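Everything below concerns the one structure shown next.
Bear in mind these aren't lab numbers, they're just calculated from the coordinates by the rules spelled out. As the structure is a prediction and not an experimental result, all values here were calculated from the model. Here the Cβ is made from the backbone with ideal geometry for all residues, glycine too, and neighbour counts use every protein chain on show.
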């Protein structure tokens, strides 16, 4: 705008000074150049103004973005702080969890070991129970076998007593009795049936009773025989090889055994002779009647118990 006002002034001065035409032309040429430069500058100024405007707009945009970025950064910092706090909390939780887990692991391990011990103990007890059950079953079977054998033995004893009673029926009431007790048959003969006082020679009537009994034993070969001699408490006053009631009781028992063995069907292995002297009395009274009861020979008949004994040995 200043250039437009300067030009007329400049022309007036030139005209008033009577410059030459060449000078004028030169000035005009300079003016044109200056005008052209002015226009170029104006154009550049316009471009710069547009660029400035664009830059201002861009700056505003960038400033807005910067503000947005600052807000984002602030939010980021806040989030980073929260993340940091969360990580610290997580670390504490992990430490607490690790500590608690370690304690729980130890407790679980201890519980597992205790459970294994209990299982081992339970297994052992189960084995013991099974073993005890097996032993109990075995014992029950053996008890059943024993009961069966005892029943057969009782039946055999009853049958034996009946046979002996039948064989000696003619002698009962004459100093001979047949009884059954403790699974055995007792044939008791008083001295008046077998022996005279102080003697060990068998009376004929007593010999007949022994003979009849031997017939039963010869047929029933599964019977064990015990012959026991008993005296009263009157001291023995005889002479010869016998010294006292011991000798007399034993001698009477062996005499009865020899009488039995006259029957070839009686096996000597089955017979045992014993003397008790005066020491197993039936009646402890000091009377003639009591002494008569005590002077006796008892023949004890017992069915063989080999089967029963074998079971007992196994038990």
In what sequence do 200, 279, 31 fall when counting other Cβ within 10 Å, fewest first?
-> 279, 31, 200
Could you work out how far helix 245-260 tilts from the main Cα principal axis of the chain, as a 0 to 90 degree angle to the nearest 10?
-> 90
The Cα radius of gyration of the range 148-314, divided by 2.2 N^0.38 Å with N its residue count, comes to 1.06
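Pull up the DSSP beta bridges for the chain and report the antiparallel fraction as a percent, rounded to 5.
Just about 80 percent of them are antiparallel.
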Computed on alpha carbon atoms, what radius of gyration and Dmax characterise the chain, expressed in Å?
-> 72.3, 217
Over the range 188-284: Rg over Rh, Cα atoms, Kirkwood Rh | 0.98
What percent antiparallel are the DSSP beta bridges of the range 148-314, to the nearest 5?
-> 80
What's the percent breakdown of Cα-Cα distances in the range 79-207 across 10 Å bins, shortest bin first?
-> 10, 15, 12, 10, 9, 8, 7, 7, 6, 5, 5, 4, 2, 0
The chain: relative contact order from alpha carbon pairs under 8 Å, six or more residues apart, as a whole percent, is 16
Gap in Å between the Cα centre of the range 149-205 and the Cα centre of the range 98-139?
-> 65
For residue 63 and residue 42, what is the calculated FRET efficiency with R₀ set at 45 Å and r taken between the beta-carbons, to the nearest 0.05?
-> 0.90
Nearest 10 degrees, 0 to 90: what angle lies between the long axis of helix 21-167 and the longest principal axis of the chain (Cα atoms)?
-> 0
Can you give the Rg to Rh ratio for the range 171-226, taking only C-alpha atoms and Rh from Kirkwood?
-> 0.99
Measure nothing fancy, just the Cα-based angle from helix 2-16's long axis to the longest principal axis of the chain, in degrees from 0 to 90, nearest 10.
-> 20
Within the range 206-227, whose backbone N sits under 20 Å from a point 7 Å along Cα→Cβ of residue 241?
-> 227
Residue 166-residue 224 pseudo-label distance in nm [points 7 Å out on the Cα-to-Cβ vector] = 2.6
Express in nm, to one decimal, how much length is gained between residue 117 and residue 154 on full extension, taking 0.36 nm for each residue of separation and deducting their alpha carbon distance.
-> 8.0 nm
Work out how much length residue 139 to residue 292 would gain on full extension: take 0.36 nm times their residue separation and subtract the Cα-Cα distance, in nm to one decimal.
-> 50.3 nm
Output the peptides 178-187, 102-111, 142-151 sorted from most to least packed, where packing is the average of other Cβ atoms within 10 Å over each peptide's residues.
-> 178-187, 142-151, 102-111
Length gained when the stretch residue 267-residue 80 is fully extended (0.36 nm per residue, less Cα-Cα span) = 55.7 nm
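Cut-off is 10 Å between beta-carbons; in what order do 168, 115 appear when sorted fewest neighbours first?
On the way: 168 21, 115 10.
Ascending number of Cβ neighbours within 10 Å: 115, 168.
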Extending each Cα 7 Å along its Cβ direction at residue 182 and residue 99, get the distance between those two points in nm, one decimal.
-> 8.3
